[in-house]
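Participant: Once you've had a glance at the structure underneath, I'll fire off some questions.
The values are calculated or read from the model by the stated rules, or taken from the named source; none is laboratory data. Model, not experiment: these values are computed from the prediction. Note that we place each Cβ from the backbone using ideal geometry, even for glycine, and neighbour counts take in every protein chain shown. Areas reflect the complete protein model, heavy atoms only, side chains present, ligands, DNA and RNA absent. Shrake-Rupley method; radii C 1.70, N 1.55, O 1.52, S 1.80 Å.
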Amino acid sequence: GWDKSWGVLYNWAGATNNENGSTGNQSDAAYDTNYEKIPGVCPTGWYLPSDRDWNDLEKVIRDDASGVYSDTETSNVLDGTWRTDTGYRGNHGTKMKSNEQIGSQPPNGTSKSALTGGFAALLVGGVGNGSRNLFGENTYFFSSSSNSGTGAWGRYLNYDEPGVRRASLNLSYLFSVRCKKDN
């Protein structure tokens, strides 16, 4: 069974509430400072983060030397190539995963609780081709940013991988979302 505390999984049209018809790559530099915030399924005062918002969150977690979010990591320099790198990046994924085990694999997360500012992602997997996939092993998060109409940029955490993966996610699959407060 599915525990409602694990959240809801959405396809991209549902996550964005069909509010984003753009097929442009919204991670490019021109889009960074001039993009429409997509409320999607988020409550009033919040919005579905863009690919750039996810990049910014990763940088904050990766660069936070205080230990509230993450240890400083320097082997993957996250500078100009950060915007468009795909695949696993950094080692800050460990700090973004919950240490709560909900499947057969150990989560290998060390995230602080929400009270101390940690991200604490649960590894709920996703749903594709009519079946639940990788429950307890991975988690995926949609952004509001499409990539050339064939997918949407998202983030992916794996139980045994310390990095965060930026990847194109299938628009029809069901994945998690996180909302960002609109300041």
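Participant: As a test question: what accessible area, to the nearest 10 Å², does residue 60 have when a 1.4 Å probe is rolled over all protein chains in place?
Facilitator: Approximately 80 Å² of residue 60 is accessible to the 1.4 Å probe.
Participant: Say R0 is 22 Å: what FRET efficiency, to the nearest 0.05, do residue 4 and residue 104 get from their beta-carbon distance?
Facilitator: After rounding, the FRET efficiency stands at 0.55.
Participant: Karplus couplings for the range 5-10 from phi (6.51 cos²θ - 1.76 cosθ + 1.60, θ = phi - 60°), rounded to Hz, Gly and Pro as x?
Facilitator: Whole-Hz 3J(HN,Hα) from phi for the range 5-10: 5, 7, x, 10, 9, 10.
Participant: What nm distance separates the two modelled labels at residue 85 and residue 133, each placed 7 Å from Cα along Cα→Cβ?
Facilitator: Placing both labels 7 Å beyond Cα along the Cβ direction yields 2.5 nm.
Participant: Sticking with this structure for a sec: So if each residue of separation counts as 0.36 nm, and I subtract the Cα-Cα distance between residue 13 and residue 161, what length gain in nm does that give? Present the calculation step by step, with values, prior to reporting the outcome.
Facilitator: Details: separation 148, 0.36 × 148 = 53.28 nm, distance 2.88 nm.
Here the answer is 50.4 nm.
Participant: Further question: Label residue 63 and residue 179 with points 7 Å out from Cα along Cα→Cβ: what is the distance between them in nm?
Facilitator: Taking the simple label geometry, residue 63 and residue 179 are separated by 2.8 nm.
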